[in-house]
Amino acid sequence: MNILDKIVIDKRKEVNLKKELIPIKAYEQLPYFGMKTRSLSKKLRASQTGIIAEFKRKSPSKSIINDTALVEDVAIGYENAGVCGMSILTDEIYFGGSMDDLMIARENCELPLLRKEFIIDEYQIIEAKAIGADAILLIAAILTKAEIKQFSELAKSLNLDVLLEVHNEDELHKSIMPSLDMLGVNNRNLKTFEVSLDISKQLSALIPNDFVKVSESGISSVDAIKELQPYGYKGFLIGENFMKTGNPGASATQFIKDLAGL
Ligand SMILES: O=P(O)(O)OC[C@@H](O)[C@@H](O)c1c[nH]c2ccccc12
């Protein structure tokens, strides 16, 4: 069994358990549920740099990346660096994240926040809104076309932006629909962990221009972004490259300065 299948099995167990403990109605009472969201896709469209910076403690491909950085410091650091949005892993088992991380980031910055999660149930979308997320990730590799439609339409009804992630042509063809805001190409194969920026280059022409194109994973230099921009990418999701340093906010600041040619 590949790692992605394993993650999804564990996620289904986790969500089913939680559903019994916390009814959806409880989430709808939380203050963030009724709050206005900030659009990540609009920010990316208007930006010259387009960085979405991620908070990630560990990953199945790299084990520990950073187990000392505090999410509040990183949120403030990323905001001061001028990123367009912050991505926060809320999966605990494989990525060492939590919903608390997202809520702490929400309390400490005004950035659009992307809930980075393996979403397989509408429950997690309600949860995302209730903890203060502005956008959700949907991963085509683990969803049917009907689920992508159902989940993205629910997200839109809650004013959440939707980033749909693909890794190959079949996933892309299955996914294109008007309820998505951003189309993300993951340069990392979630089943084998192989990374190649060529995936973004190959798939870009197949993504209609009405979606904001985002290139995800394995981006570790300004040159990589300059290479991807001519393919129409407006968003760049960067995790490890910032998180592996002692001060993720400071490395994002330097990165954005270099990218903007300052
Ligand atoms: O740390 P990187 O290589 O810069 O990658 C960030 C982000 O793209 C990656 O964490 C990611 C992309 N899609 C995902 C889906 C689930 C978990 C994680 C991810």
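The values are calculated or read from the model by the stated rules, or taken from the named source; none is laboratory data. In this text the structure is predicted, and so the values were computed from the model without any measurement. Backbone-built Cβ (ideal geometry, glycine too); neighbour counts: all protein chains shown.
Listed values, structure above:
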quantity: One residue from 161, 181 being touching a Phe, Trp or Tyr at 6+ places or on another chain (Cβ under 9 Å) and either surrounded by 22 or more Cβ atoms within 10 Å (Cβ to Cβ) or aliphatic (A, V, I, L, M) (or both); calculated: 181
quantity: Search result, residues across the range 117-134 that are in a helix (DSSP H, G or I) and aliphatic (A, V, I, L, M); calculated: 125, 126, 128, 130
quantity: Identity of the residue in the range 79-101, away from the ligand (no atom under 14 Å from the Cβ) and closer than 17 Å to residue 257 by Cα, that ends up surrounded by the most Cβ atoms within 10 Å (Cβ to Cβ); calculated: 84
quantity: Filter result for the condition that a residue is within 11 Å of the ligand (Cβ to nearest atom), over 22 Å from residue 251 (Cα atoms) and in a strand (DSSP E or B), over 114, 137; calculated: 137
quantity: Cross-chain or 6+ apart pairs with Cβ under 9 Å, the range 234-249 first and more than 25 Å from residue 201 (Cα to Cα), then more than 7 Å from the ligand (Cβ to nearest atom) and modelled with pLDDT under 95; calculated: 244/62
quantity: Residues (without any contact (Cβ under 8 Å) to a residue 60 or more places away in the chain and either crowded, with 23+ Cβ neighbours inside 10 Å or touching an Asp or Glu at 6+ places or on another chain (Cβ under 7 Å) (or both)) located in the range 59-78; calculated: 71, 75
quantity: Positions within the range 33-68 being touching a helix residue (DSSP H, G or I) at 6+ places or on another chain (Cβ under 6 Å) and either among the small types (Gly, Ala, Ser) or away from the ligand (no atom under 16 Å from the Cβ) (or both), in sequence order; calculated: 33, 50, 53
quantity: Filter result for the condition that a residue is at pLDDT 95 or above, among the basic types (Lys, Arg) and over 30 Å from residue 254 (Cβ atoms), over 12, 45, 38, 57; calculated: 12
quantity: Cβ pairs under 6 Å, 6+ apart, first in the range 172-197 and under 17 Å from residue 2 (Cα atoms), second in a loop (DSSP other than H, G, I, E, B) and more than 10 Å from the ligand (Cβ to nearest atom); calculated: 191/2
quantity: Criterion: touching a residue at least 60 places away in the same chain (Cβ under 8 Å), out of contact with any Gly (no Cβ under 7 Å at 6 or more places or on another chain) and over 27 Å from residue 227 (Cα atoms) - qualifying residue of 21, 4; calculated: 4
quantity: Top-ranked residue of the range 220-255 - restricted to ones that are more than 27 Å from residue 179 (Cβ to Cβ) and in contact with a strand residue (DSSP E or B) (Cβ under 6 Å, 6 or more places away or on another chain), ranked as nearest to the ligand (Cβ to nearest atom); calculated: 242
quantity: Test for residue 217: is it buried (at least 20 other Cβ atoms within 10 Å of the Cβ) and either modelled with pLDDT under 95 or on the phi > 0 side of the Ramachandran plot (or both); calculated: yes
quantity: Qualifying positions in the range 185-212 - away from the ligand (no atom under 14 Å from the Cβ) and either under 11 Å from residue 233 (Cα atoms) or crowded, with 17+ Cβ neighbours inside 10 Å (or both); calculated: 201, 203, 204, 205, 207, 209, 211, 212
quantity: Qualifying position, being charged (D, E, K, R) and at pLDDT 95 or above, among 72, 28; calculated: 72
